[in-house]
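The values are calculated or read from the model by the stated rules, or taken from the named source; none is laboratory data. Just so it is clear, the structure is predicted and the values come from calculations on it, not from any experiment. Cβ sites come from the backbone with ideal geometry, for glycine too, and all protein chains shown count toward neighbours.
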Amino acid sequence: MTFFVELNSNDRQPQSPPTGPAPVPPNTGTRVGPLLKARRLELGLKHKDITKEIKIKPEYLKAIEDEEFDLLPTPQYLRLFLRTYALHLGFDIQEIYSIFDTQEMPVKKPEKKEPRLEAPPPSPTPQSGMKAYIWAGAAGVVVLFLIVLWLFGAGKKTPPMSRETAAADSVADTGSQPAAVEVPVRPLSWRYHLQVRGLDSTWMVIQADGDTVFTGFIEAGEVRSWSADSSFKFSLSHFDGVEAKINGCYLKPFRQWRGPVQAREVGGYNLDRYIDSTRLTRQVEDKGPL
């Protein structure tokens, strides 16, 4: 892979070039990494000394000399580091580029890994076999004890009174109207069904289980529906522009939600806190859409 870097007037004048010429050998087999390393050793410089001048980390300078270019931050930095380092050592950057562009890039050989040998399973001993029988017997006794307790407890318990029956008995005894019947939030299928009705033209983004299922305007009177396995997320431009319900239960108006609506997931374990309890009675009588 070849990268092109625009040269400027300062490319041939390093910031603080060492004294002495830096000739490039005419041998066509010369490689850039060993050439830079030999020049540095000839000048008696260390990587940390050069780092202070050109602000390139010592490990990157060593990677260039060893031609381990995969250790650099990104491939785009290779030619930039190479140009800065070569200019500092006094080389002609055009000659360095001509050598670098014609040499073959080193290929890192994959490391050979020894096959992992699986240890044979331990052979059973008489003691381990005896312990297994003891644990199995203890577990059987515990299970039998729990079954007996359950059988005796089931005979004494009476079936719980349903909420509808309790409400009817209350009317018969006192003549008062029954309290609002609580509508179950989660269906037996454990899926969540969302319905949104527009009260005014409102821009909305709706996500179901993390996937965006709707982006656009919901007009006044328009009704849309979606399903999710766990939760929904809402983003909207007008908090009073829509109303929503999940599994037949109205949600609280978006304006009453505390904190940013966009960062809220509704469904699963936290759905109950977003249900509008003031509209439960209306929901029981509402058989149609929103």
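Taken over region 71-83, the criterion of being without any contact (Cβ under 8 Å) to a residue 60 or more places away in the chain and either aromatic (F, W, Y) or crowded, with 18+ Cβ neighbours inside 10 Å (or both) is satisfied by L72, Y77, F81, L82. Look at (1) surrounded by fewer than 15 Cβ atoms within 10 Å (Cβ to Cβ); (2) modelled with pLDDT of 90 or more; (3) of a type outside the set (V, I, T) and you find that R197 fails only one, number (1). A count restricted to region 55-84 and to residues that are among the basic types (K, R), over 16 Å from K37 (Cβ atoms) and in a helix (DSSP H, G or I) stands at 2. The set of residues in region 209-263 that are within 28 Å of the chain's Cα centre (by Cα), among the aromatic types (F, W, Y) and within 13 Å of V196 (Cβ to Cβ) comprises F214, W226, F232, F234, F254.
Scanning region 194-227 for residues that are in contact with a Leu (Cβ under 7 Å, 6 or more places away or on another chain) and not basic (K, R) yields Q195, T202, W203, M204, A220, V223, S225, W226. Checking each residue in region 29-70 for being more than 17 Å from T102 (Cα to Cα), surrounded by 13 or more Cβ atoms within 10 Å (Cβ to Cβ) and hydrophobic (A, V, I, L, M, F, W, C) picks out A38, L43, L45, I50, I54, I56, L61, A63. Only one entry of P25, P34, P14 meets the criterion of being under 48 Å from the mean Cα position of the chain (by Cα) and at pLDDT below 90, and that entry is P14. Of the residues making up region 90-102, those that are surrounded by 13 or more Cβ atoms within 10 Å (Cβ to Cβ), in a helix (DSSP H, G or I) and either in contact (Cβ under 8 Å) with a residue 40 or more places away in the chain or not assigned by TED's automatic domain parsing to the domain that holds R31 (or both) are I93, E95, I96, I99, F100.
Residues considered: G153, G216. Of these, the only one that is modelled with pLDDT of 50 or more, in the same structural domain as V242 (by TED's automatic domain parsing) and either assigned to a helix (DSSP H, G or I) or exposed (fewer than 12 other Cβ atoms within 10 Å of the Cβ) (or both) is G216. Check region 103-115 and report whether any residue there is within 30 Å of G44 (Cβ to Cβ) and modelled with pLDDT of 75 or more. Yes, because at least one residue in region 103-115 is within 30 Å of G44 (Cβ to Cβ) and modelled with pLDDT of 75 or more. Take L87 and tell me if it is in a helix (DSSP H, G or I) and modelled with pLDDT under 90. The answer is no for L87.
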